[in-house]
Amino acid sequence: MSFEEKDEVKSKNPSVSSDEMDWDAYAEHYDEMCALNPAYQNNIELLLKRIPIWNMPANAKVCDLGAGTGNYICSLSALLPEADFVHVDFDTKMNELATQKYSQLEKPNVQIVQEYAQRIEFPKQSFDLVMCVNALYAISPQLEVLQKIRSWIKPGGRLFIIDFGRKQKTLEWTLYILRESLKSNTLGRYAKTLIDAREVLKQNRRSTKGQITGRYWLHSTNQFGETLRQCGFLVEELFPCYRGYADLAVCRVSE
């Protein structure tokens with residue numbers, strides 16, 4: 001049995017299955033691990049560099065579905081200071097951390113909605129942009145959720161989506177961040193984080209188990225694109241990202 005497939009230590013939350021992420025436990029160390037992960041920072045940059053060419057209105061309405069600790073909205077707020085943002089996430093701890101960040105923005109125009117994506121409802125054609133980053137794979141049924149997202153987007157509006165589609169290799173990711181920490185002279189910081197954030201490794205291994213059991217959606221890049229087209233999106237861009245583990249798609253709703 002591989003490193004990734006070993007049975008997990010039971011979650012602190014008894015309502016969470018052994019093949020399911022305990023997002024509350026993950027949230028506490030999430031941002032520190034992301035700060036040490038260049039691939040995560042690159043995903044944010046992939047969004048930011050597209051904003052100017054999309055010609056979005058100054059007062060754009062933007063929804064981040066599965067928004068976590070709020071890193072994408074915080075980054076976007078500098079480019080779209082007059083935009084109105086809606087942060088959607090079901091996890092209490094993630095939302096608490098995001099709230100702290102949003103309170104420090106120059107214009108904290110963010111509404112936080114604590115709810116599951118399968119249950120949330122917005123009026124049709126509410127948003128100029130919907131973001132969904134490494135969340136859809138854990139939100140089933142994916143087709144139903146994507147169809148709902150499409151109904152929320154205004155004609156001509158876009159969906160920016162990154163989704164974790166391949167089996168996660170926890171040890172390989174650990175070694176990758178170790179190599180990057182050596183390059184950037186942050187090895188000491190990484191070693192401390194790794195000790196403090198052992199829970200992150202546990203949760204990543206639980207995620208891998210969920211991929212094996214079928215709880216979490218696995219897909220190729222082509223399968224991902226076909227699913228988006230099946231839901232009525234016009235796929236403008238589609239390519240692997242996040243070191244090949246995920247796929248990025250930019251989709252538009254026809255006018």
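The values are calculated or read from the model by the stated rules, or taken from the named source; none is laboratory data. Remember, predicted model here, so these are calculated numbers, not experimental data. Using ideal geometry, Cβ is built from the backbone for each residue, glycine included, and neighbour counts are taken over all protein chains shown.
How many residues are among the charged types (D, E, K, R), touching a strand residue (DSSP E or B) at 6+ places or on another chain (Cβ under 9 Å) and more than 15 Å from Pro108 (Cα to Cα) when one looks only at region 65-97? Looking only at that region, the number is 1. Would you pick out the residues in region 111-134 that are surrounded by fewer than 22 Cβ atoms within 10 Å (Cβ to Cβ) and either of a type in the set (Lys, Arg) or within 26 Å of Gly244 (Cβ to Cβ) (or both)? Once the filter is applied, which keeps residues that are surrounded by fewer than 22 Cβ atoms within 10 Å (Cβ to Cβ) and either of a type in the set (Lys, Arg) or within 26 Å of Gly244 (Cβ to Cβ) (or both), region 111-134 yields Ala117, Arg119, Lys124, Asn134. Within the option set Tyr26, Tyr30, Tyr40, Tyr72, being modelled with pLDDT under 75, within 19 Å of the chain's Cα centre (by Cα), in a helix (DSSP H, G or I) and of a type outside the set (Gly, Ala, Ser) holds for one residue only, Tyr26. Where helices (runs of 4 or more DSSP H) fall wholly inside region 80-197, the ranges with 3 or more residues that are at pLDDT below 90 are 170-183, 187-196. Taken over region 95-109, the criterion of being surrounded by 15 or more Cβ atoms within 10 Å (Cβ to Cβ) and either of a type outside the set (A, V, I, L, M) or in contact with an Asp or Glu (Cβ under 8 Å, 6 or more places away or on another chain) (or both) is satisfied by Asn95, Leu97, Ala98, Thr99, Lys101, Tyr102, Asn109. Contact map, region 88-99: residues that are within 10 Å of Gly70 (Cα to Cα) paired with residues that are of a type in the set (Ser, Thr, Tyr) and surrounded by 17 or more Cβ atoms within 10 Å (Cβ to Cβ), Cβ distance under 8 Å, separation 6+ or inter-chain. Pairs shown: Met94/Tyr30; Met94/Thr69; Leu97/Tyr30; Leu97/Thr69; Ala98/Thr69.
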